[in-house]
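To start, the structure itself, in structure tokens.
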Amino acid sequence: MMYHFIKLGGSLITDKNTPLTPRPLVIQRLAQELANVYHSGSHKPWIIGHGSGSYGHVVGKRYRIRTGVENREGWQGFVETGYIAGQLHRIVLAALLHAGLPVVSLPPSALVTCHQGAIIDVHLQPIRAALSHGLIPLTFGDVAFDKILGGVIVSTEEVFSALADSFPPSRFTLVGIVDGVFDADPFQNRQAQRIPHLRLDELSTLSTALGGSHGVDVTGGMAAKIQEMAALLHRHPHMKVHLISGEIPGRLEAHLNNPDAPLGTTLSL
């Protein structure tokens, strides 16, 4: 069985420059687009995740949870970060359920164990059970316990990467603000050109163009996400990574109905 991993980016579903600010109309539209495809029956099994945007990232940065927990203040920040990330998760979960999708919440804080910031163990049985019953696992960027650092923050990409060996993906779709990868920053350069297809060996020439994330992001910007995908592609060379914009109404639905259509950027080995 091959799976399709779908991530709704934190920059897309929140205003990352304004703390604790969701974009409910965007979330609801994306949920409906997913539901339209799901109810058509023409899709591989999905595992869906979403970023934390202006929720978890803002609190996580305040307490520097990404680098570990050292004291009582740090642990207070750990639980607050988990609580705030969970608030956004409930908004996304509610929208998906309202659209008619059988999603089940599976928070990484209860599923993964880390060692110096890297996920080393995943409790797979709840995910297997969800999929076997026709449910859609829904996860997100969250706090996690670490054997060395105490507590850390794990990104959705890191959680997906840890799941990939047990639930091999044929496709990985990152739904964000920008419609793929460009040869320059499209926010600053109107002449920037979208790159429809990109191979891993071409990434080094784009390192400056990829840049960071627009807004606060304690798990890394676009460059870090691309590097995570590059490592995943080396482990799963037949997988395709798609980077598309969720700002464009109907784009996610069109992509899921025809994943090989020239939308956004496709990254491959």
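Per residue, the chain reaches -11500 deg cm²/dmol at 222 nm when only DSSP H runs of four or more residues are counted, each adding -39500 (n - 2.57). Taking only the Cα atoms of the chain, the radius of gyration and Dmax are 17.4, 51 Å.
Rounded to 0.05, the FRET efficiency of the residue 170 and residue 247 pair, given R0 = 30 Å and the Cβ-Cβ distance, is 0.75.
Expressed in nm to one decimal, what extension gain is obtained for the pair residue 94 and residue 116 from 0.36 nm per residue of sequence separation less their Cα-Cα distance? Intermediate results must be reported in sequence, preceding the final value.
Numbers: separation 22, 0.36 × 22 = 7.92 nm, distance 3.34 nm.
Going from the current span to full extension adds 4.6 nm.
Residues considered: 134, 150, 176. Largest GNM mean-square fluctuation over the chain, using C-alpha springs under 10 Å, is found at 134. Panel order for 153, 226, by other beta carbons found within 10 Å of each beta carbon, from fewest to most: 226, 153. What does DSSP give for the chain in terms of the percent of beta bridges that are antiparallel, rounded to the nearest 5? Roughly 35 percent of the beta bridges in the chain run antiparallel, per DSSP.
Under 30 Å of direct C-alpha separation, and excluding same-chain neighbours fewer than eight residues apart, residue 44 reaches these lysines: 7, 225, 240.
Note on residue 20/residue 75: beta-carbon distance plugged into 1/(1 + (r/R0)^6) with R0 of 22 Å gives a FRET efficiency of 0.55. What does the charge add up to near residue 259, with Lys and Arg as +1, Asp and Glu as -1, over the other residues with Cβ less than 15 Å from its Cβ? In short, +2. For residue 52, the residues whose amide H sits under 5 Å from its own are 10, 141, ignoring neighbours fewer than 5 places away on the same chain, with H placed 1.01 Å from N. Under 16 Å from a label point set 7 Å out along the Cα-to-Cβ vector of residue 2, the amide N atoms of region 156-172 belong to 164-172.
Ordering 3, 55, 83 from the fewest to the most neighbouring beta carbons within 10 Å gives 83, 3, 55. So, R0 is 22 Å and r is the distance between the beta-carbons of residue 132 and residue 42; what FRET efficiency does that work out to, to 0.05? The value I calculate is 0.60.
Values in this text are rule-based calculations from the coordinates and carry no lab data. Predicted model, so just to flag it, every value in this text is computed and none were measured. Glycine also receives a Cβ, built like all others from the backbone with ideal geometry; neighbour counts cover every protein chain displayed.
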